[in-house]
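Step one of this worksheet: look at the structure below.
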Amino acid sequence: MEKYMLLAVCALPVLIFARSRAFFRTFFFTAFTGIGALSVVCWLGAYTGVLLTFNPFTASVSCLLGIPGVLALLLFRILFAI
């Protein structure tokens, strides 16, 4: 079940990006900004107390969804204390 949810999360941005003319440029920009935002959150986690671990799930969410994905991970982390 977990694999299917991850597949659905990964497939949705690819379908959205495929409609644009600059698919690869948009995809790489989103991936780089998402990984950069996740790195900043991981680095600042020692100071803020809100830690996001860098694992395959958080990396894939930040790569595919970018900064909004990292913000969603932070929101879930703060609200549900997972």
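Taking each residue of segment 45-57 that is free of Cβ contacts under 8 Å to residues at least 12 places away in the same chain and looking for partners that are surrounded by 13 or more Cβ atoms within 10 Å (Cβ to Cβ) and aliphatic (A, V, I, L, M) with beta-carbon atoms closer than 7 Å, six or more apart or interchain, yields Gly45/Leu52. In the set Gly34, Gly49, Gly66, only one residue is of a type in the set (Gly, Ala, Ser), crowded, with 18+ Cβ neighbours inside 10 Å and on the phi > 0 side of the Ramachandran plot; that residue is Gly66.
Scanning segment 4-31 for residues that are small (Gly, Ala, Ser) and exposed (fewer than 14 other Cβ atoms within 10 Å of the Cβ), which turns out nearest to Cys63 (Cα to Cα)? Applying the filter and picking the extreme gives Ala11.
Does Val50 count as outside any helix (DSSP H, G or I) and out of contact with any Gly (no Cβ under 8 Å at 6 or more places or on another chain)? Talk me through it step by step, then tell me what you get.
Numbers: outside any helix (DSSP H, G or I): yes; out of contact with any Gly (no Cβ under 8 Å at 6 or more places or on another chain): yes.
So Val50 fits the description; yes.
None of the figures in this text is laboratory data; all of them are computed from the coordinates on show. Because the structure is a prediction, the values reported are computed rather than measured. Neighbour counts run over all protein chains shown; Cβ positions are idealised from the backbone, glycine included.
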